[in-house]
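The values are calculated or read from the model by the stated rules, or taken from the named source; none is laboratory data. The model shown is predicted, which means the values in this text are computed figures rather than measured ones. Glycine also receives a Cβ, built like all others from the backbone with ideal geometry; neighbour counts cover every protein chain displayed. Each accessible area value is taken on the protein alone, full model and side chains, heavy atoms only, with ligands, DNA and RNA left out. Shrake-Rupley method; radii C 1.70, N 1.55, O 1.52, S 1.80 Å.
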Amino acid sequence: MSSFETIQDQPGLAAGALPRDRARELLGQVMGLVAVTVGFTALGAYIGRDLSGGAGLLLFIGAFACIIGLNVAAARGAEQLAVALLFGLGLLLGLAVAPVINVYAKADPAALWQAAGATALFVAACGTYGYATRRDLSSWARTLFWALLGLIGFGIVGIFVSIPSGNVIYAVAGLGIFGAYTIFDFNRLRRGSADAAVPIAAGIFLDIFNIFLLALELFGGGRS
């Protein structure tokens, strides 16, 4: 059971939706950053496939430091540094989950493809709704934060206490929470400004990352 998310600061949020041409430009910029970051994650999962599981904790700590750093850099206008930290985040998370991905690749490669396909469809559906709605969903932030803390707490309890179908409950609940986060982050994208591009891209990337791991847990029967 694992999830990785942080509450993103929201610099540069506009009071309403951006003009259409600027909105399209920002959408293209953010999704380009997300795509490259996912590529770095795939690279990390490949080059780290023989890492020991014990290295994961240090890599997750490094990834968390990247999240803090990119938000600080973006707030100070250091866009190139923020982008570098975003790509570093993707690489470190890929390295962190590489041993698990390698297990699936050897034992149940179909689960990887199924999880990837389900993730793409799920994110596309949630993201489309979040971006298309005219509602300002910024009020969701606090509720989602507490829901995420509850999910993390449930996961910790599940390590020490045997809960019937605990993996399934965790995965389904997690998909619900990160589906809502995806809607929230794409709504931020609709209302954001250029200086918020990197933090928003980080939020969407983390949504995709977590949704993929949760889908993998379902399709792979909780092998992770």
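Select from segment 141-169 the residues that are of a type in the set (Gly, Ala, Ser), more than 25 Å from residue 219 (Cβ to Cβ) and either open to solvent by 50 Å² or more (accessible area, probe 1.4 Å) or touching a strand residue (DSSP E or B) at 6+ places or on another chain (Cβ under 9 Å) (or both) and list them in ascending order.
none
Name the single residue, out of those in segment 119-140 being among the hydroxyl-bearing types (Ser, Thr, Tyr) and either touching a residue at least 40 places away in the same chain (Cβ under 8 Å) or part of a helix (DSSP H, G or I) (or both), that is most open to solvent (accessible area, probe 1.4 Å).
Within segment 119-140, the subset among the hydroxyl-bearing types (Ser, Thr, Tyr) is 119, 128-129, 131, 133, 138-139.
With the extra rule that they be either touching a residue at least 40 places away in the same chain (Cβ under 8 Å) or part of a helix (DSSP H, G or I) (or both), the set shrinks to 119, 128-129, 131, 133, 138.
Details: 119: 10, 128: 91, 129: 108, 131: 51, 133: 20, 138: 55 Å².
Looking at residues that are among the hydroxyl-bearing types (Ser, Thr, Tyr) and either touching a residue at least 40 places away in the same chain (Cβ under 8 Å) or part of a helix (DSSP H, G or I) (or both), I get 129.
Please work out if residue 195 is open to solvent by 60 Å² or more (accessible area, probe 1.4 Å) and either assigned to a helix (DSSP H, G or I) or modelled with pLDDT under 95 (or both). Give the steps one after another, and end with the answer.
On the way: open to solvent by 60 Å² or more (accessible area, probe 1.4 Å): yes; either assigned to a helix (DSSP H, G or I) or modelled with pLDDT under 95 (or both): yes.
In short, yes.
Quickly run through segment 75-124 and pick out the residues that are at positive phi and of a type in the set (Phe, Trp, Tyr). I'd like the intermediate steps shown before the answer.
Pass one, segment 75-124, residues at positive phi: 77.
Scanning segment 75-124 gives no hits.
To keep it simple, each residue is scored yes or no on (1) basic (Lys, Arg); (2) part of a helix (DSSP H, G or I); (3) modelled with pLDDT under 95.
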| position | (1), (2), (3) |
| --- | --- |
| 157 | no, yes, yes |
| 167 | no, yes, yes |
| 175 | no, yes, no |
| 179 | no, yes, no |
| 188 | yes, yes, yes |
| 221 | no, no, yes |
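So residue 201 ticks every box in (1) on the phi > 0 side of the Ramachandran plot; (2) open to solvent by less than 10 Å² (accessible area, probe 1.4 Å) but one. Which box is left unticked?
(1)
Every residue in segment 89-111 that is in a helix (DSSP H, G or I), in contact with a Lys or Arg (Cβ under 9 Å, 6 or more places away or on another chain) and open to solvent by less than 60 Å² (accessible area, probe 1.4 Å), please. It would help to see each step written out before you state the result.
Applying the first criterion (in a helix (DSSP H, G or I)) to segment 89-111 yields 89-107, 109-111.
Going one step further and asking which of them are in contact with a Lys or Arg (Cβ under 9 Å, 6 or more places away or on another chain), we end up with 98-105, 107, 111.
Matches in segment 89-111: 98, 99, 100, 101, 102, 104, 105, 111.
Going by the structure shown, is residue 93 at pLDDT 95 or above, of a type in the set (A, V, I, L, M) and within 19 Å of the chain's Cα centre (by Cα)? Step through it out loud before you land on a result.
Numbers: at pLDDT 95 or above: yes; of a type in the set (A, V, I, L, M): yes; within 19 Å of the chain's Cα centre (by Cα): yes.
The answer is yes for residue 93.
Working only within segment 56-88, note down all residues that are β-branched (Val, Ile, Thr) and open to solvent by 70 Å² or more (accessible area, probe 1.4 Å).
Initial filter on segment 56-88 (β-branched (Val, Ile, Thr)): 61, 67-68, 72, 83.
61, 68, listed by residue number.
Do we find that residue 212 is open to solvent by 40 Å² or more (accessible area, probe 1.4 Å), at pLDDT 95 or above and more than 15 Å from residue 141 (Cα to Cα) in this structure?
Working: open to solvent by 40 Å² or more (accessible area, probe 1.4 Å): yes; at pLDDT 95 or above: yes; more than 15 Å from residue 141 (Cα to Cα): yes.
Taking the combined requirement at face value, the residue satisfies it.
Taking the conditions exactly as written (more than 17 Å from residue 130 (Cα to Cα), crowded, with 22+ Cβ neighbours inside 10 Å and of a type outside the set (Phe, Trp, Tyr)), does residue 189 satisfy them or not?
Values: more than 17 Å from residue 130 (Cα to Cα): no; crowded, with 22+ Cβ neighbours inside 10 Å: yes; of a type outside the set (Phe, Trp, Tyr): yes.
Judged against the criteria, residue 189 is not a match.
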